[in-house]
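Q: A single structure is presented below for examination.
The values are calculated or read from the model by the stated rules, or taken from the named source; none is laboratory data. Just so you know, these numbers come straight off a predicted model, no measurement behind them. Note: ideal-geometry Cβ built from the backbone for every residue, glycine included; neighbour counts use all protein chains shown.
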Amino acid sequence: MDGTLDDLLKRLDACTTRSELQGVLAGLAAAQGFAGVLCIPARLGSAAAIADQPAALIAPSLPDALAALGDRSPEANPLLRRAAGALLAVDFAYTLNGQEAQGLAVPVHGPGGRFLLFALWRLGGAAMRRGAARPRRDFDSVARHVFLKLWNGGHGNPAPTLKPMEVACLTWAARGRTSAEIGVLLGVGERNAYYFLANGARRLGALSRCHAVALAMKRGLIDP
């Protein structure tokens, strides 16, 4: 039993090593009737060397026939190629070397071309456990947590330092204000307010403005 979403995210946050992360994710996959999980970080639209990217996390190992699904090259991995062009979770089914795999792939796009393919897979024909299925939004939350873990060395986010104007803009954003309204309130204009919000989100490692506000609140950096 993988518990509530909050319980699961807390267990992910508590992981300090890749092996701990693998254990939690393997448990999630098994509880949902899947054979395993794929977590493949990649840097899209960049010539960055593989060494500059986190290693893939696959639990348990893929069958030899499905090894292509663990490849971080979109040219060699049809699932990664499809997910890289998607914004929402997608169902997939592929037959590779006579072996069928199917499941759910969740793409996570981050700043600087950072990307994570998070996929739960099972062999073709394997039945889902009845009553175990989670809403897709749960897997989106899990995928985003894993993204931050892998792209920050497996130890979560480093403690960020925000500049005063970034703190001010994020505080007003937490109160529901738009960039235009924040620009007027702080006397910096809409364009500069947008810049401070984007820069603050980048420092936090956030994937969106809402995510940046949530992270800043969680870490006590703003007091809305």
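Q: Quickly run through segment 177-194 and pick out the residues that are closer than 15 Å to Lys163 by Cα and either under 22 Å from the mean Cα position of the chain (by Cα) or not in a loop (DSSP other than H, G, I, E, B) (or both).
A: Leu186, Asn192, Ala193, Tyr194
Q: Does segment 146-164 contain any residue that is at pLDDT 90 or above, surrounded by 20 or more Cβ atoms within 10 Å (Cβ to Cβ) and more than 17 Å from Leu25 (Cβ to Cβ)?
A: no
Q: Let me ask another. Being assigned to a helix (DSSP H, G or I) and surrounded by 14 or more Cβ atoms within 10 Å (Cβ to Cβ) is true for just one of Leu197, Leu221, Leu207. Which residue is that?
A: From the options Leu197, Leu221, Leu207, the qualifying one is Leu197.
Q: Within segment 10-96, considering only strands (runs of 3 or more DSSP E) that don't extend past its boundaries, which have at least 1 residues that are hydroxyl-bearing (Ser, Thr, Tyr) and farther than 23 Å from Arg136 by Cβ?
A: Correct list: 90-96.
Q: Okay, moving on. Taking Leu221 as the residue in question, decide whether it is of a type outside the set (Asp, Glu) and in contact with a strand residue (DSSP E or B) (Cβ under 8 Å, 6 or more places away or on another chain).
A: Spelling it out, it is not the case that Leu221 is of a type outside the set (Asp, Glu) and in contact with a strand residue (DSSP E or B) (Cβ under 8 Å, 6 or more places away or on another chain).
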